[in-house]
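For reference, the structure is listed below as C-alpha cells.
Nothing in this text is a laboratory measurement; each read-out follows from the coordinates by a stated rule. Predicted model, so just to flag it, every value in this text is computed and none were measured. Glycine gets a Cβ as well: all are built from the backbone with ideal geometry, and neighbour counts include every protein chain shown.
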Amino acid sequence: IRLSLVGSEMCIRDRDNSETFDFVVTNDRAEHLRERNRIIVQDMNGEYREFVIIRVTDAFEDTTEVQCNASYLEDINTARPIAPGKYKAMSTTQALTEVLANTGWEVSDETEHGGFRSTSWTAYATPYELINQLGTTYGMQASYYVELGSHTVEHRYVKLAKPCLLYTSPSPRD
C-alpha cells in the first residue's frame with residue numbers, strides 16, 4: 001500500500017542507538033496501519049529501510065500519527081545473546097557473518113575490507129552490541145537496509161563501511 005504522507009521525519013541518533021521514522025497520514029489512508037506491522041521507506045540514498053510500527057494515534061484534523069522504530073533494532077538486538085568469546089584475525093565479512101548467524105540478517109556485499117583484526121568480549125552480548133564493537137574494531141560504521149522482491153522483503157542486509165565525512169576543513173596554508 002502506498003501512502004501519501006502529510007509529514008514525515010526519519011532520525012538516526014548515535015547517542016542512544018535509535019533510528020525512528022515518524023509520519024502523519026490522513027485518517028482515510030490509515031486503515032492498515034497497526035502496531036507491530038512493518039513498513040518500508042526509501043531513504044535519501046535510494047536504499048530501502050524497514051521499520052516496525054510501535055504507536056498509532058488518531059490526531060485532530062482528520063490525521064493519524066504513526067511512530068516506528070528501525071526493524072534491525074528489534075530483530076538483531078533481541079536475537080539470542082552471544083557468549084563471551086573472541087574473533088581472532090578475522091576480516092570484517094568473516095566477523096560480521098559470525099555475529100549475524102541466526103538473526104535473519106545477512107552481510108552486505110558492500111561491506112568494506114578493514115584488514116584482519118581480533119576482538120573479544122567478556123560478557124554475553126547481543127548481536128547488535130557486537131556489530132557496534134566490530135565498528136569500533138575496524139574503524140567502520142554499520143548501516144542496515146533491505147532488498148525488495150515483488151511485494152516482500154527478500155533480504156535484510158548489514159553493511160560495515162568507513163564513515164562518510166560530511167565536511168572536510170581546508171588544509172592550512174604555509
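Residues whose amide H comes within less than 5 Å of that of VAL6, counting only those at least five positions distant or on another chain, are VAL24, VAL25, THR26 (H built at 1.01 Å from N in the peptide plane).
Computed from the C-beta positions of ASP28 and ASN77 and an R0 of 22 Å, the FRET efficiency is 0.05 to the nearest 0.05.
The candidate values are [x] 22.2; [y] 18.0; [z] 15.9; the one derived from this structure for Kirkwood radius over Cα pairs in Å carries the label [y].
With each label modelled as a point 7 angstrom along the Cα→C-beta vector, the GLU112-VAL153 pair spans 2.6 nm.
Loop-located trypsin sites (Lys or Arg not before Pro) in the stretch 49-113 (DSSP state other than H, G, I, E, B) with a sparse environment of at most 11 neighbouring Cβ atoms within 10 Å are absent.
DSSP beta bridges confined to the stretch 70-174 are antiparallel in about 85 percent of cases.
If R0 equals 35 Å, the separation of the Cβ atoms of GLN42 and TRP121 corresponds to a calculated FRET efficiency of about 0.50. Relative to the current alpha-carbon distance between VAL6 and ASN102, full extension at 0.36 nm per residue lengthens the span by 30.8 nm. What the phi angles of the stretch 111-118 give under the Karplus curve with 6.51, -1.76 and 1.60, with θ = phi - 60°, is a coupling list of 4, 7, 7, x, x, 10, 10, 10 Hz, glycine and proline written as x. Phi angles of the stretch 78-86 translate, via the Karplus equation with coefficients 6.51, -1.76, 1.60 and θ = phi - 60°, into HN-Hα couplings of 9, 5, 3, x, 9, 5, x, x, 8 Hz per residue; Gly and Pro are given as x.
DSSP loop chymotrypsin sites (Phe, Trp or Tyr not before Pro) in the stretch 34-93 with at most 10 other Cβ atoms within 10 Å of their Cβ, which ones?
Answer by residue number: PHE60.
In this structure, the amide hydrogen of LEU148, modeled 1.01 Å from its nitrogen in the peptide plane, lies closer than 5 angstrom to those of GLU154, counting only residues at least 5 positions away or on a different chain. The 3J(HN,Hα) values that the Karplus relation (6.51, -1.76, 1.60; θ = phi - 60°) gives for the stretch 66-73 are, in residue order, 10, 10, 9, 10, 4, 5, 5, 4 Hz. Gly and Pro appear as x. Relative to the longest principal Cα axis of the chain, at what angle does helix 127-138 sit, 0 to 90 degrees, rounded to 10? Value to nearest ten degrees: 50. Positive contributions from Lys and Arg (+1) and negative ones from Asp and Glu (-1), summed over other residues with Cβ under 14 Å from the Cβ of VAL52, come out at 0.
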